[in-house]
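Following: one structure in structure tokens, then a few remarks.
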Amino acid sequence: DAKTTQPNSMESNEEEPVHLPCNHSTISGTDYIHWYRQLPSQGPEYVIHGLTSNVNNRMASLAIAEDRKSSTLILHRATLRDAAVYYCIPNDGAGSYQLTFGKGTKLSVIP
Amino acid sequence: EAGVAQSPRYKIIEKRQSVAFWCNPISGHATLYWYQQILGQGPKLLIQFQNNGVVDDSQLPKDRFSAERLKGVDSTLKIQPAKLEDSAVYLCASSYQQSTDTQYFGPGTRLTVL
């Protein structure tokens with residue numbers, strides 16, 4: 001599995017955009033980049049995933065660097081409900097699709 | 001659509017006792033996962049089932065942990081005997097297929113071993 005580096009914690013003001021970075025320099029060509037988040041006292045939930053192109057959904061956007069060694073999860077307008085631990089997980093789409101979680105980034109949202 | 005159900009939500013036991021956790025995945029989901037999440041860390045995969053067969057149990061401490069998924073639906077995870085270091089949240093997740101499908105997680109069972 002590709003190793004990831006994420007900041008331990010980040011802060012954002014409510015209603016401001018948030019950019020959560022992830023470095024995955026050992027990613028292989030077939031690894032998708034998945035993002036999950038875990039709200040307090042809940043199980044993780046899927047946010048978004050992509051392979052090469054930038055991706056958008058109702059929750060967030062995913063910007064993937066051209067060399068695929070890093071990616072950024074973008075929350076366009078942070079709300080208090082977005083306070084969570086965010087996990088960046090490269091995963092081999094051709095393999096067993098197991099998620100290997102790191103420690104993630106704890107996002108705090110300030111009202 | 002109902003989510004992944006887990007019970008109990010909380011359990012406190014003495015060391016050397018046994019404990020069992022139950023998981024009911026989303027209807028129609030073939031793949032089921034059990035994770036262990038120790039405080040301050042990300043979840044760690046313990047075992048993965050495809051229908052009622054084990055795909056991967058390489059990280060399951062088999063001397064004390066066991067899991068089964070009879071009939072390919074519900075699953076139980078058992079610890080016998082429990083140790084202090086087993087204190088953690090045990091998460092169950094399911095996905096439609098084993099491929100790149102999204103995993104849906106239950107709320108977890110918080111186990112405290114005294």
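FYI, it's all coordinate maths here, none of it is from the lab. The shown structure was predicted, so the numbers you read here are calculated from the model rather than taken from an experiment. Every residue, glycine as well, gets a Cβ built from its backbone with ideal geometry; the counts of neighbours run over all protein chains shown.
So what are the ³J(HN,Hα) numbers for region A:28-36, from phi and the Karplus equation (6.51, -1.76, 1.60; θ = phi - 60°), rounded to whole Hz, Gly and Pro as x?
Coupling constants for region A:28-36: 8, x, 9, 6, 7, 10, 10, 10, 10 Hz.
Using a 10 Å cut-off on Cβ to Cβ distances, tally the other chain neighbours for every residue of B:48-56 and report the average as a whole number.
1
Would you kindly compute the Cα radius of gyration of the protein assembly as shown and its largest Cα-Cα separation (Dmax), both in Å?
Cα radius of gyration and Dmax of the protein assembly as shown are 17.7, 53 Å respectively.
Give me a comma-separated list of calculated 3J(HN,Hα) values for region B:59-64, in order, Karplus coefficients 6.51, -1.76, 1.60 applied at θ = phi - 60°, integers in Hz, x for any Gly or Pro.
9, 8, x, 6, 6, 9
Based on other C-beta atoms within 10 Å, arrange B:Phe21, B:Phe65 from fewest to most.
B:Phe65, B:Phe21
Over 32 Å between Cα atoms, which of B:Lys15/B:Lys44; A:Lys3/B:Lys62; A:Lys69/B:Lys71; A:Lys103/B:Lys78; A:Lys69/B:Lys44; A:Lys103/B:Lys15 qualify?
Beyond 32 Å between Cα atoms: A:Lys69/B:Lys71.
Can you divide the C-alpha Rg of region B:23-114 by 2.2 N^0.38 Å and report the result to two decimal places?
Relative to the rule-of-thumb radius for its length, region B:23-114 sits at 1.04.
Place a point 7 Å from the Cα of B:Thr76 along the Cα-to-Cβ direction; which residues of region B:11-27 have their backbone N under 14 Å from it?
Label zone hits: B:18-24.
Run the paramagnetic zone check for B:Val55: 7 angstrom along Cα to Cβ, then residues of region A:13-35 with backbone nitrogen under 18 Å.
A:30-35
Using only the C-alpha atoms of region B:60-108, find the volume of their convex hull and express it per residue in Å³.
It comes to 103 Å³ per residue, whole-number rounded.
What number results when the radius of gyration of region A:36-80, computed over Cα atoms, is divided by 2.2 N^0.38 Å?
1.26
Counting other beta carbons within 10 Å of each residue's own, what order do B:His29, A:His76 fall into, fewest first? Could the numbers behind the result be given before it?
Values: B:His29 18, A:His76 12.
Taking fewest neighbouring Cβ atoms as first place, the list is A:His76, B:His29.
Per residue of A:39-46, what is the mean number of Cβ atoms on other protein chains within 10 angstrom of that residue's Cβ?
Details: counts 0, 0, 5, 5, 16, 10, 5, 6.
Per-residue shielding by partner chains comes out at 6.
Once amide H atoms are placed 1.01 Å from N in the peptide plane, what residues at a sequence separation of 5 or more from B:Gln17, or on another chain, have their amide H within under 5 Å of its amide H?
Here the answer is B:Ala82, since their amide H atoms fall under 5 Å of that of B:Gln17.
For the ranges B:30-41, A:50-61, what's the packing order if you count other beta-carbon atoms within 10 Å of each residue, average per peptide, and put the highest first? Write down the numbers at each step before the final one.
Values: B:30-41: 18.7, A:50-61: 13.4.
Packing order, densest peptide first, comes out as B:30-41, A:50-61.
Could you work out, residue by residue across A:22-33, how many beta carbons of other chains sit within 10 Å of that residue's beta carbon, and then give the average as an integer?
So the per-residue partner count for this stretch is 0.
How many angstrom separate the Cα center of region B:70-114 from the Cα center of region A:13-69?
Measuring centre to centre over Cα atoms gives 24 Å.
Taking H placed 1.01 Å from N in the peptide plane, check which residues at least 5 places from A:Ala84 or on another chain put their amide H under 5 Å from its amide H.
A:Leu107
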